[in-house]
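**Student:** I'd like to ask some things about the structure below.
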């Protein structure tokens, strides 16, 4: 018995040591794989950020060095590009920033108003041809903007709205962004109907239910709509260049296009400088609304 006990006492620690060695080996492998994954992700992030970093650095270089030096480490700082770009066109660049802000604010308010009302109708009301109307609304998501451009241009020309901001804002007020309607419909469907029934017992009709019950709970969806509308309208180029032909009505994107001259090549340093300026509002909007954006997409069932 004494010999067997001693043998077991020697055997058990050996097995424990082997198990500890295997666990340590697995831990080392997991740590190595985790480090390798982080290194790969950092390398890919730097690869994707390289064009942006190159543009920022190029905005501080003279034109003669922009396309001859691919490095993102600046050799010199030519801040004069920003002053040159700010006053390079017929009007200060602040005018184009203001025009874009007006259009963006109008589009955001229009989408929030019209799309939320349409979404409530599809999610809570019962009316004839509801499914057909909802299907047609979804089909318009696949309809390219260029398809409706010509008839819209003729219509706005007939009512003398060219060279104004209305052709870019009015469609939003009429609820033409089907994507946001669908997003809000999905969100409203996730809200329990018991809240509607409780409000209806208290004497509320559909307007009061929408404004007092549904709308306060739609903050994530409304924030997502606001951020997407801001980014899309701020970067919109095709619509403004068609409807806005007078220099004092240009948006930021149209103004940036004027820096390129087919004959002389344009002032690339000033162009990159103003491009950096135009990216700042988009960056701030995404930075501030990132939390609401992720929450809004996650709670609407869009994967």
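The values are calculated or read from the model by the stated rules, or taken from the named source; none is laboratory data. Treat the numbers as computed from the prediction; the structure is a model and nothing was measured. Quick reminder, even Gly has a Cβ in these numbers, built from the backbone with ideal geometry, and neighbours come from all protein chains shown.
**Student:** From the residues in the stretch 59-75 that are in a helix (DSSP H, G or I) and either free of Cβ contacts under 8 Å to residues at least 24 places away in the same chain or assigned by TED's automatic domain parsing to the domain that holds residue 273 (or both), which one is surrounded by the most Cβ atoms within 10 Å (Cβ to Cβ)?
**Tutor:** My answer is 65.
So that you can scan it fast, the table gives a plain yes or no per residue for (1) assigned to a helix (DSSP H, G or I); (2) at pLDDT 90 or above; (3) surrounded by 12 or more Cβ atoms within 10 Å (Cβ to Cβ); (4) under 30 Å from the mean Cα position of the chain (by Cα):
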position: 31; (1), (2), (3), (4): yes, no, no, no
position: 43; (1), (2), (3), (4): yes, no, no, yes
position: 48; (1), (2), (3), (4): yes, no, no, yes
position: 53; (1), (2), (3), (4): yes, no, yes, yes
position: 82; (1), (2), (3), (4): yes, yes, yes, yes
position: 88; (1), (2), (3), (4): no, no, yes, yes
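**Student:** Can you name the residue in the stretch 245-289 that is in contact with a helix residue (DSSP H, G or I) (Cβ under 9 Å, 6 or more places away or on another chain), at pLDDT 90 or above and not in a helix (DSSP H, G or I) and, of all such residues, is surrounded by the most Cβ atoms within 10 Å (Cβ to Cβ)?
**Tutor:** Top of the filtered list is 251.
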